[in-house]
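Take a look at the structure below.
The values are calculated or read from the model by the stated rules, or taken from the named source; none is laboratory data. If you're wondering where the values come from, they're calculated on a predicted model, not measured in any experiment. Virtual Cβ from ideal backbone geometry, glycine too; neighbours counted across all protein chains shown. Ligands, DNA and RNA are stripped out before the accessible areas are found, and what is left, the full protein with its side chains, is counted by its heavy atoms. Shrake-Rupley method; radii C 1.70, N 1.55, O 1.52, S 1.80 Å.
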Amino acid sequence: MFTRLYIHIPFCQKKCPYCAFFSQEHTAESLSEYAGLLCTEMNLVAQNSASQHKLDSIYFGGGTPSLMNSRQLARLIEQAEQLFGLAAQAEITLEANPGTVDYHKLADFRRAGINRLSVGVQSFDDQMLATLGRIHTAQEAKKSFAAARQANFNNIGIDLINSLPGQTREMWQTDLEQALQLAPEHISVYGLTIEDDTRFAEQYTEGSMLLPDEDLSAEMFEAADDRLGSHGYEHYEIANYARPGFRSHHNSGYWHRDGYLGVGTGAHSYLRDTGYGTRFSNVANFDTYAQTLCKGKLPRIDISDLTREDAMAEYMFLGLRMSDGIVIKSFEKEFGMQLNDVYGQALDVLKFQQLLTTDPAAVRLTRRGMLLSNQVFRHFLP
Ligand code: SF4
């Protein structure tokens, strides 16, 4: 069972040197062929699914979903609605790269049913954007944002990245101020990580002088928390800030362990049909994906049924990502065990290290815990 649908669009105009996501170049034909394959995949899922709850959210992620045209997006939304049902107030998000959209395209997206945009601004500094290999300037990103407002989008998120090569504290503060001037409903803030098998991994080896050190990265995290918090943004998840009422429903579903179906090459899914649910991914190769679907089969790999221990660990490290934290009663209802009996020792250590706080109702990360979240999550691995 799933109530959320993720649609992966694996095409980009140009590969960014820091990005480890599966993406490839495209033509108008490959986009159109791919849209058809996504419909085939959804059809096959529907044929093989038991009863289904209506979808609460659809998320077009990538890659660069804004390379699709509005007819393709409308067709995919219609298909999803026909096959699975769509709640009246469903959130339908599209990730948009500022280098690929203008007012007319955005207005068409809005008419096609997209009601939330996630704009990949990344930085308002042209030098940083060039370092990141982005296809747009800061001015173009601002223009795209204004065009989205004009196209009647009243729920817009922007993504920013900090801890960039050569970035100073002052440069990051300027980025935050520029973000606040746009007044988006949602802001995601990621610290750059150097991923294996990327051009950045070759360019910036560990300890590179150009990369901000841990202290400066921590200061950037805290500056975002302070500045965005003082402007009414709730820091509701480690990397996400929202105006009240504008949290990402789709992404919140991941952290709450709602069932979701991912379609497209390399997409991940978590279905909650039996036991503690099943996770799997789709093959991350366009040709294999297409050939498998053409044979009437789903291109799923790495299928794993979660044990209770797996599910409890996920519950902890996904739930702790959110500022609401883990509601102790909910954990006990789901697993039939006392939280303290399972994780009492880990919780004591983390409380002592001031990475976590507990009260009778909930367990939450402290700000320091959010900053050092990977260190915290290791304590809950099965
Ligand atoms: S546009 Fe996004 S998905 Fe595509 S290469 Fe750049 S960062 Fe990766």
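Here the accessible area is traced with a 1.4 Å probe on the protein chains. For the chain, carbon and sulfur cover 48 percent of it. Pairs of Lys residues in the chain are counted when their Cα atoms are under 21 angstrom apart and they lie 8 or more places apart or on different chains; the count is 6. Backbone phi angles across the range 345-361, fed through the Karplus curve with coefficients 6.51, -1.76 and 1.60 (θ = phi - 60°), yield HN-Hα couplings of 5, 4, 5, 4, 4, 5, 5, 4, 7, 6, 9, 8, 10, 10, 9, x, 9 Hz in residue order; Gly and Pro are listed as x. Note on the range 4-254: antiparallel DSSP beta bridges, both residues inside, total approximately 20 percent of the bridges counted. Shown in residue order for the range 293-304 are the 3J(HN,Hα) couplings computed by the Karplus curve 6.51 cos²θ - 1.76 cosθ + 1.60 at θ = phi - 60°: 5, 5, 7, x, 10, 7, x, 8, 9, 6, 7, 9 Hz (x for Gly and Pro). Excluding ligands, DNA and RNA, the accessible surface per residue across the chain is 46 Å² with a 1.4 Å probe.
Measuring gaps between exposed loop sites in the chain (GluC sites (Glu not before Pro); DSSP loop; at most 14 other Cβ atoms within 10 Å), the longest gap, sites not included, is 207-382.
For V121, what is the net charge nearby, where nearby means another residue's Cβ is under 13 Å from its Cβ and Lys, Arg count +1, Asp, Glu -1?
Working: positive: R134, K142, K143; negative: E95, D125, D126, E140, D159, D175.
Combined, the nearby Lys, Arg, Asp and Glu give -3.
Per residue of the chain, the DSSP helices (runs of n ≥ 4 H) give a summed -39500 (n - 2.57) that works out to -12500 deg cm²/dmol at 222 nm.
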